[in-house]
1. Cβ-Cβ distance below 6 Å, separation of 6 or more or different chains: which pairs start in the range A:286-299 with a residue that is within 14 Å of chain B (Cβ to nearest Cβ) and within 14 Å of A:Lys174 (Cβ to Cβ) and end on one that is open to solvent by less than 20 Å² (accessible area, probe 1.4 Å) and near the ligand (Cβ under 6 Å from one of its atoms)?
2. Assess whether A:Ala448 counts as being among the small types (Gly, Ala, Ser) and more than 11 Å from chain B (Cβ to nearest Cβ).
3. Just to verify a result, which residue in the range A:467-517, among those that are within 16 Å of the ligand (Cβ to nearest atom) and aromatic (Phe, Trp, Tyr), is least open to solvent (accessible area, probe 1.4 Å)?
4. Does A:Ile521 satisfy the criteria of being within 16 Å of the ligand (Cβ to nearest atom), touching a residue at least 40 places away in the same chain (Cβ under 8 Å), touching a helix residue (DSSP H, G or I) at 6+ places or on another chain (Cβ under 9 Å) and β-branched (Val, Ile, Thr)?
5. A:Asn252 passes all but one of (1) under 17 Å from B:Phe68 (Cβ atoms); (2) within 14 Å of the ligand (Cβ to nearest atom); which number fails?
6. So which residues in the range A:181-201 are within 19 Å of A:Phe153 (Cα to Cα) and open to solvent by 10 Å² or more (accessible area, probe 1.4 Å)?
7. Select from the range B:30-74 the residues that are under 9 Å from the mean Cα position of the chain (by Cα), closer than 18 Å to B:Met1 by Cα and either within 11 Å of chain A (Cβ to nearest Cβ) or open to solvent by 60 Å² or more (accessible area, probe 1.4 Å) (or both) and list them in ascending order.
8. What number of residues within the range A:211-240 are surrounded by 18 or more Cβ atoms within 10 Å (Cβ to Cβ), farther than 18 Å from A:Val454 by Cβ and either within 14 Å of chain B (Cβ to nearest Cβ) or of a type in the set (A, V, I, L, M, F, W, C) (or both)?
Amino acid sequence: MDKILRVNMTNLTVKVEPVPADWAGLGGRALTSTIVAAEVPPTCHPLGPNNKLVFAPGLLSGTAASNANRFSCGSKSPLTGGIKECSAGGTSSRIIARLGYKAIVVEGKPAGDTWYTVVVDKDGATIKPETEVLRLGTFATVQHVNEHYGEDFGVITLGPAGENLMAIANISVKDPESKIRSFGRGGLGAVMGSKKIKMIVINPEGGVALPLADPAKFKAANQAFTKTLLDHPVSGQGLKKYGTAVLVNVLNEAGGLPTKNFTSGQCAHHDAISGETMYDNIVARGGEPSHNCSPSCQIQCSQIYNDKDGNYVTSGFEYETIWALGADGMVEDLDVIAEIDNVFDDIGVDSIETPVMFAVAMEAGLIPWGDGKRILELLRNDITNATPLGRMLGGGTGHVGRAFGMTRIPVVKNQAIPAYDPRPIKGIGVTYATTTMGADHTAGYAIATNILNVGGKVDPLSNDGQVELSRNLQIATAAIDSTGLCLFIAFPALDIPACLGGVIDMLNARYGINLTGDDVIGLGKQVLKIEHAFNLAAGLGPETDRLPEFFELESIAPHNVKWDMDQKELASFWNF
Amino acid sequence: MKITVKLFATFRQGRFKIAEQDVPEGTTIADVLDTLAIEVADVGMLFVNGRHAEPEQRLAGGVVLAIFPLVGGG
Ligand code: SF4
């Protein structure tokens, strides 16, 4: 991995460059955020010619390391106006890494109305006009690539939402089953659409096994690391069986399951939309409870969910999506939720931003509460065809809330708040408020320690210790996001020392270096500081590191608590 | 006294989802786990009326006790 591929969409040229020395030790999020901070003016328009889109496999992607074939996409976000890094699975990360590319940097913007496909291969890339797959959904686009390029090609593409530059648009990645994984958050699909790229297809031919400085040490380290993934009850058994949706009942019991646009912490029909019900349906209908989103995953939190007749409906059916539609939007039927999830993937929209937006639209009176059929119509007609109503919805949660003059708009930095109410779970509130990403649970998953008793215990209802908890998690997460490892390795990493030890040993054996645990923490801190500096220069100052006011004004049942963390204490997050 | 016990994930297998139980005054969570043949080591989370609890905690009449194995997601 010693090359950077630059694709310039202004003059439709391609360059392969050596990796600058400063970037040699970086991968994944560390690399995307470093390149964005170095090359994208923070004040640029996210959809203008000065923004860039950077794809980077992690430091361990492409090797035999378990769970390491995820990759990062970085840019300036049209949703938050700040820096963005998303992680996705799929097959492309491994292919890009094995072709020797440390990053693909897409820059500029073409004049005119022509759309393009970028075909990446071992020698660089060609940019060619695209007409055949325009307006197609992502599933059909992947099918087209399988038939016209090859089944083993990687695919990074857009649905109609991305083609229409909507802030809810994501970037879709082909997975091992030719289904879809996503760079979900922050509207990165609109950035790719602004550059008039319908798809990037990646030819795996000529990819090579990546060199290892110490193959024997690497193998031993990977074995030790993998053992911790299989030994820990959450990564070894829980996620395999119930997926992430097991959290529906957990959060409901804890009183932190945001319901009916964040007006209650419990949902009466929680069992109908729970991981337990999902598992029973999957088994009864011949689906697959355990499935991987990317090669070499040992945890297998994904699944294949079929309808009552045993036909495929969706995969990667996540807690966040089920919560947002089922509890926040009150859609009680898990099968309808699954169908909506499939349409989210097909038209290429974020499965958190979009349903949280729909719940706000329900409170506004635009859609009846729980009306999944109406959601399907709006997705398939208005959003797909970009009608004026579709464009209004496609602007995201904050956009719709403002359009209807609402005050209960669950966003931070204009990005929708995910599936954990910050009032009874204070640690996750700190993460939402302070992360450089806008409201994002994965940036510092305080739920582990506040609720799940993983990595110790910190009382979720007390403000004590939450800033420190979130800070430590955000630093560690930024480091993990740079390796290409799936974030779910954090469960064993928080409880079993050999897990992180194995990761560090693998990095050292791969590159012939001598990183320590402190170096890895140092990398995490460096990433956060780079991102924070970008945001400050982009106009996202300390006053944007806060939760929406309604959390301070409205208490939430059953614990009847408000958000009451001192803003000074929150600001101390950045003291490191 | 009466309490409500809720079980989740694998703990439901061969047991129940939700049941009202009659238990003696002074019963601890550990006693309830015992009668359900659930090992403390297999327990991930305990909630009493939505608050985290420890096995040695004594229960009052009317409470809802929720018992989860170690699970997670994100
Ligand atoms: S645990 Fe889930 S998200 Fe992580 S790599 Fe495996 S399938 Fe993908």
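1. Taking only residues 6 or more apart or on different chains, the pairs are A:Cys293/A:Gly89; A:Cys293/A:Ser302.
2. Answer is no for this residue.
3. Selected residue: A:Phe491.
4. no
5. Failing condition for A:Asn252: (2).
6. Passing the criteria: A:Arg181, A:Ser182.
7. Within the range B:30-74, B:Val48, B:Val64, B:Leu65, B:Ala66 meet the criteria.
8. 2
The values are calculated or read from the model by the stated rules, or taken from the named source; none is laboratory data. None of the values given here were measured: they were computed from a predicted structure. All Cβ positions, glycine included, derive from the backbone under ideal geometry; neighbour counts span all protein chains shown. Remember, those area values only see protein heavy atoms, side chains included, never the ligands or the DNA or RNA. Shrake-Rupley method; radii C 1.70, N 1.55, O 1.52, S 1.80 Å.
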